[in-house]
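The values are calculated or read from the model by the stated rules, or taken from the named source; none is laboratory data. None of these values were measured; they are calculated from a predicted model. Counting neighbours? That spans all protein chains shown, and the Cβs are built from the backbone with ideal geometry, glycine included.
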Amino acid sequence: MAAARGVLYVHSAQPALCPHIEWAVAGILGVPVDLTWTPQPAAPGALRAQAEWEGPAGVAAKITSSLMGWQRIRFEITEDPSQGSDGARHAYTPALGAFTAPIGANGDIMIPEDRLRNVMLMAAQGRAVLEDELDKLLGKQWDEELESFRYAGEGAPVRWLHAAV
């Protein structure tokens with residue numbers, strides 16, 4: 001049985017990148033990957049796909065590392081908390097780069113204590129605006145950029161990907 005599970009959302013990718021994305025994910029999961037690509041209305045000429053996955057804890061971070069930095073791709077990948085591992089949410093856009101946050105059992109972003117203390121100190125010293133720093137920790141910019149791509153994907157087909165064990 002797989003130790004972790006989550007969802008990969010490729011919100012937009014150029015058609016020429018689609019096979020490369022599948023190969024990258026397959027290389028991490030250890031099984032062939034054949035995603036169902038559909039047009040992305042929020043980015044004419046781009047495609048989108050989503051797949052639920054199961055595999056060892058840490059797969060979401062590995063997929064993120066493999067895909068981030070590619071130009072003209074927007075994606076999110078989640079990993080649900082599993083025994084001995086926190087969950088995670090990773091997002092990537094060409095304009096913003098990568099965002100990663102730990103996820104609690106209820107699906108909320110969990111902000112580590114040391115990061116909260118740091119932004120509180122910066123705000124108290126007048127070096128930052130607390131609300132702006134909290135927005136960064138919550139990934140607000142990524143949510144704002146990706147929201148139109150998420151909405152455009154409602155009703156799209158979903159596939160299950162299982163890692164080789």
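Observations on the model:
- In this structure, ALA101 does satisfy being closer than 20 Å to LYS62 by Cα and either assigned to a strand (DSSP E or B) or at pLDDT 95 or above (or both).
- Taken over region 93-111, the residue count meeting the criterion of being touching a Gly at 6+ places or on another chain (Cβ under 8 Å) and farther than 19 Å from LEU134 by Cβ is 1.
- Number of the condition not met by GLY126 [criteria: (1) on the phi > 0 side of the Ramachandran plot; (2) surrounded by 14 or more Cβ atoms within 10 Å (Cβ to Cβ)]: (2)
Yes/no per residue for (1) more than 11 Å from GLY6 (Cβ to Cβ); (2) touching a strand residue (DSSP E or B) at 6+ places or on another chain (Cβ under 9 Å); (3) buried (at least 20 other Cβ atoms within 10 Å of the Cβ):
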{"residue": "GLY55", "(1), (2), (3)": "no, yes, yes"}
{"residue": "ALA61", "(1), (2), (3)": "no, yes, no"}
{"residue": "ARG74", "(1), (2), (3)": "yes, yes, yes"}
{"residue": "GLY87", "(1), (2), (3)": "no, yes, yes"}
{"residue": "PRO102", "(1), (2), (3)": "yes, yes, no"}
{"residue": "ILE109", "(1), (2), (3)": "yes, yes, no"}
{"residue": "PRO112", "(1), (2), (3)": "yes, yes, no"}
{"residue": "LEU116", "(1), (2), (3)": "yes, no, no"}
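- Taking the criterion of being part of a helix (DSSP H, G or I), within 21 Å of the chain's Cα centre (by Cα) and polar (S, T, N, Q), no residue of region 104-122 qualifies.
- Identity of the residue in region 34-66, part of a strand (DSSP E or B) and acidic (Asp, Glu), that ends up farthest from PHE99 (Cα to Cα): GLU54
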